[in-house]
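Remarks on the structure that follows.
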Amino acid sequence: MLAFLVQRISQAFLVMFVISVIAFAIQDGLGDPLQEMVGMSVSEEEREAIREELGLNDPMVVQYLRFAGNALQGDLGNSYFYSKPTLEVIAEHLPATLELVIGASLIIVFLSVPIGVYAAIRPQAWLSKFFMGVSTVGISIPVFLTAIVLIQLFSIGVTVNWFPSDTGWGQWLNDFFSTEGGLPSYGRGDELTHLFGTWESGFFTGTGLMHLVLPSVSLASIMLPLFIRLIRAEMMEVLQSDYVRYARAKGLSAGRINFLHALKNTMLPVITVGGVQIGIMVAYTILTETVFQWPGVGLMFLEAITRSDIPLIVAYLMVVGLIFVVTNTLVDLIYGLVNPTVKLTGKKA
Amino acid sequence: MTTATVSRWDRFRESFFWYSFKRDKVAIVSFSVLLLMVLAAVFAPLLAPADPYDLALINIMNSELPPVGLSGADPAFPLGTDAQGRDLLSTILYGTRVSLMIGFGAVVLQAFLGILFGLLAGYLGGKVDAVLMRIADVQLSFSTLMVAIIVGAVFKASFGNLMFGEIAIYMLIFIIGVAEWPQIARTVRASVLAEKKKEYVDAAKVMGFGTRRIMFRHILPNTLSPIFVIATVQIANAIISEAALSFLGLGMPETQPSLGSLIKSGFDYIQSGSWWITLIPGLVLVVLVLVINLLGDWLRDVMNPRLYKG
């Protein structure tokens, strides 16, 4: 176990090192801090002097070490656009993204577990087949398209007049296929509760929650089919195992077997895969936040790209890299703890 | 020469592959739809009523016309027009062409990288294997889309908007190909590990063939069927990634739109009620990706390799 721990943690450090080298290379290759600092009129000699003073003429290794040293002390430079430390800018935008991810995760957990379990227990039922069909289609729909369709349906609203409206049933059918709209599709609303530090929460006001609905549903829609399929597959495998058959032979009730005994062992792989997927959600938050103009880190990153705000891009890379590495390492460690038979990768058995 | 092709055709007609295709309605429908879309995309210059790249033909007065069937439609534009007055049907045909081109190109690149690295890792083992698979793991844990977004962002920042727009097709093929190679490399490596233990490899070694010859002439042909399956699914993934990048503004420019950039340019007008500019290309994209995914599922069932499905 100790060897496993040491190996995983040292690997995490190695990955973080590689990320920092890439980030440094981007900063070095793209950003010319001099151009941001001085105007056109400054002579070449003066430029050279500033360059020397900033240490831009030092060897690469020295420059990297300085970059890494500053990063370890929480200093990733100042954003060109916000003229503030980049980490401060990210800290301001992070709560919005976290709340979006929390909202989406809640939807995923509360929908995927019942649906997946149901589809595993009754694989032949038409409802199961319907859910599996929907999830196949769902995987093929990009997240931004789901978001756009949701906006059209529930924010703008759709009025249908396919049926003759002079008859009662025609009007009823028209109303049935029409949608109200009215749900907010832009930003987080203006009633946010201040929690602590830079955390402004939308969870405690009506408008805040309303603003969360469409973005979280969109973000959840990309992961939901994956989780339903995973839970169904795992659960079906568990239901085939000997101990479930034994429990049946003992005469335990179906509910007790399914939900107490089988579900417990289903959730183990689901939780580990889920941990990794939450990290992957970061990429999808960029898309979701763009559609809904959600003021989180994803939108901030995209704006930083259009503004060529190199320090902010680099800081985002480092922070996101850190989040990925920490979640992946934790998930691996937890999995190693719960399931001691896990093999060390890269070692001969 | 002729006899050889005839017998091959006969062999194909009696194969399990053709047999199961004939019996699977979903596969037949998906394949027909895909074939139709590919043909429409290939012959877009002949089929499209207008040339969306020709600025002289565009009339801004025709902008935001709805599709036929809605009030205010012009029969000259069956699917309506976009915000610049381009015929939506023509832009969609050309856009599908661009999306498919990037999808195929990216998969060819990732298949090349994936097969090469997968073979090396699986056959040579040891340090080569450890290093290559560690890189693949790290890249996969970051999600291919994230890697593509970051590489795209860096390219865009270093080339500048104009330059990036001109070479966007090649950039996107490169970005998506490099971001997704681990998927194929892992599959290839897994099959190579299984193949390597078989007797024919031992026989080839005894006969004194070189490592390169054994890898490419003996093992590679036996790993092709899982590669084929995963490559199909990867085309769908590449098309989605391209659409996502274009939607973020890191992909095709509006002057030479793909399906993704059509959706993006239409999204700005959805609040004004012109839903067709964004939703019709969106529907085309979903259908395209869906039929490719369904075909991939069917292929996997037929060939039934033990696949890593990410």
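Quick check, is A:Ser112 surrounded by 19 or more Cβ atoms within 10 Å (Cβ to Cβ) and within 14 Å of chain B (Cβ to nearest Cβ)? First the steps, then the outcome.
On the way: surrounded by 19 or more Cβ atoms within 10 Å (Cβ to Cβ): yes; within 14 Å of chain B (Cβ to nearest Cβ): no.
For A:Ser112, the condition - surrounded by 19 or more Cβ atoms within 10 Å (Cβ to Cβ) and within 14 Å of chain B (Cβ to nearest Cβ) - is not met.
Could you list, in sequence order, the residues of segment B:276-293 that are within 8 Å of chain A (Cβ to nearest Cβ) and either aliphatic (A, V, I, L, M) or surrounded by fewer than 23 Cβ atoms within 10 Å (Cβ to Cβ) (or both)?
Residues satisfying the conditions are B:Leu279, B:Leu285, B:Val286, B:Val289, B:Leu290, B:Asn293.
Scan segment B:155-176 and give yes if some residue there is under 25 Å from A:Phe13 (Cα atoms), within 13 Å of chain A (Cβ to nearest Cβ) and either aliphatic (A, V, I, L, M) or in contact with a strand residue (DSSP E or B) (Cβ under 7 Å, 6 or more places away or on another chain) (or both), otherwise no. Before you say what the answer is, go through the steps one by one.
Quick first cut of segment B:155-176, residues under 25 Å from A:Phe13 (Cα atoms) only: none.
Checked segment B:155-176: no residue is under 25 Å from A:Phe13 (Cα atoms), within 13 Å of chain A (Cβ to nearest Cβ) and either aliphatic (A, V, I, L, M) or in contact with a strand residue (DSSP E or B) (Cβ under 7 Å, 6 or more places away or on another chain) (or both).
Out of segment B:80-109, which residues are free of Cβ contacts under 8 Å to residues at least 60 places away in the same chain and at positive phi?
Result: B:Gly85, single match.
Somewhere in segment B:242-264, is a residue within 12 Å of chain A (Cβ to nearest Cβ) and within 30 Å of B:Trp18 (Cβ to Cβ)?
Checked against the condition, which is being within 12 Å of chain A (Cβ to nearest Cβ) and within 30 Å of B:Trp18 (Cβ to Cβ), segment B:242-264 yields no hits at all.
Within the group A:Val244, A:Val217, A:Val282, A:Val238, which residue is within 24 Å of the chain's Cα centre (by Cα), part of a helix (DSSP H, G or I) and either surrounded by fewer than 21 Cβ atoms within 10 Å (Cβ to Cβ) or at pLDDT 85 or above (or both)?
Working: A:Val244 fails: within 24 Å of the chain's Cα centre (by Cα); A:Val282 fails: either surrounded by fewer than 21 Cβ atoms within 10 Å (Cβ to Cβ) or at pLDDT 85 or above (or both); A:Val238 fails: within 24 Å of the chain's Cα centre (by Cα).
None of the other options fit; the residue is A:Val217.
Please find, within segment A:285-313, the residue that is farthest from the chain's Cα centre (by Cα) out of those that are more than 10 Å from chain B (Cβ to nearest Cβ) and within 16 Å of A:Ala23 (Cα to Cα).
A:Pro311
Being surrounded by 18 or more Cβ atoms within 10 Å (Cβ to Cβ) and touching a Pro at 6+ places or on another chain (Cβ under 8 Å) is the filter here; which residues of segment A:115-137 pass it?
Residue satisfying the conditions is A:Ser135 alone.
Testing B:Ser272 on (1) of a type in the set (Ser, Thr, Tyr); (2) surrounded by 22 or more Cβ atoms within 10 Å (Cβ to Cβ); (3) within 11 Å of chain A (Cβ to nearest Cβ), one condition comes back false. Which one is that?
(2)
Assess whether B:Ala238 counts as being in contact (Cβ under 8 Å) with a residue 60 or more places away in the chain and crowded, with 23+ Cβ neighbours inside 10 Å. Spell out how you get there, then give the answer.
Working: in contact (Cβ under 8 Å) with a residue 60 or more places away in the chain: yes; crowded, with 23+ Cβ neighbours inside 10 Å: yes.
Here the answer is yes, as B:Ala238 does meet what is asked.
Yes/no per residue for (1) among the charged types (D, E, K, R); (2) in contact (Cβ under 8 Å) with a residue 12 or more places away in the chain; (3) surrounded by fewer than 22 Cβ atoms within 10 Å (Cβ to Cβ):
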{"position": "A:Val276", "(1), (2), (3)": "no, yes, yes"}
{"position": "A:Glu289", "(1), (2), (3)": "yes, yes, no"}
{"position": "A:Phe292", "(1), (2), (3)": "no, yes, no"}
{"position": "A:Pro295", "(1), (2), (3)": "no, yes, yes"}
{"position": "A:Phe301", "(1), (2), (3)": "no, yes, no"}
{"position": "A:Arg307", "(1), (2), (3)": "yes, yes, yes"}
{"position": "A:Leu312", "(1), (2), (3)": "no, yes, no"}
{"position": "A:Phe324", "(1), (2), (3)": "no, yes, no"}
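For segment A:144-155, what are the residues that are more than 7 Å from chain B (Cβ to nearest Cβ), touching a residue at least 60 places away in the same chain (Cβ under 8 Å) and either more than 17 Å from the chain's Cα centre (by Cα) or not in a helix (DSSP H, G or I) (or both)?
Answer for segment A:144-155, where residues must be more than 7 Å from chain B (Cβ to nearest Cβ), touching a residue at least 60 places away in the same chain (Cβ under 8 Å) and either more than 17 Å from the chain's Cα centre (by Cα) or not in a helix (DSSP H, G or I) (or both): A:Leu150, A:Phe154.
Of all residues being within 13 Å of B:Ala185 (Cβ to Cβ) and facing chain A (nearest Cβ under 10 Å) in segment B:139-154, which is surrounded by the most Cβ atoms within 10 Å (Cβ to Cβ)? Just the residue, please.
Here the residue is B:Thr144.
Would you mind stating whether B:Leu220 is modelled with pLDDT of 85 or more and either not β-branched (Val, Ile, Thr) or not in a loop (DSSP other than H, G, I, E, B) (or both)?
yes
In segment B:268-281, is there at least one residue being closer than 25 Å to B:Ile175 by Cα, in contact (Cβ under 8 Å) with a residue 24 or more places away in the chain and either of a type outside the set (A, V, I, L, M) or in contact with a Ser or Thr (Cβ under 9 Å, 6 or more places away or on another chain) (or both)?
The answer is yes, given that some residue of segment B:268-281 is closer than 25 Å to B:Ile175 by Cα, in contact (Cβ under 8 Å) with a residue 24 or more places away in the chain and either of a type outside the set (A, V, I, L, M) or in contact with a Ser or Thr (Cβ under 9 Å, 6 or more places away or on another chain) (or both).
B:Met163: more than 27 Å from B:Leu295 (Cα to Cα) and at pLDDT 85 or above, yes or no?
no
Tell me whether segment A:129-143 contains one or more residues that are away from every other protein chain (no Cβ under 14 Å) and touching a residue at least 40 places away in the same chain (Cβ under 8 Å).
Scanning segment A:129-143, I find at least one residue that is away from every other protein chain (no Cβ under 14 Å) and touching a residue at least 40 places away in the same chain (Cβ under 8 Å), so the answer is yes.
The values are calculated or read from the model by the stated rules, or taken from the named source; none is laboratory data. Here the structure is a predicted model, which is why all the values come from computation and not from measurement. FYI the Cβ positions are ideal-geometry reconstructions off the backbone, even for glycines, and counts take in every protein chain you see.
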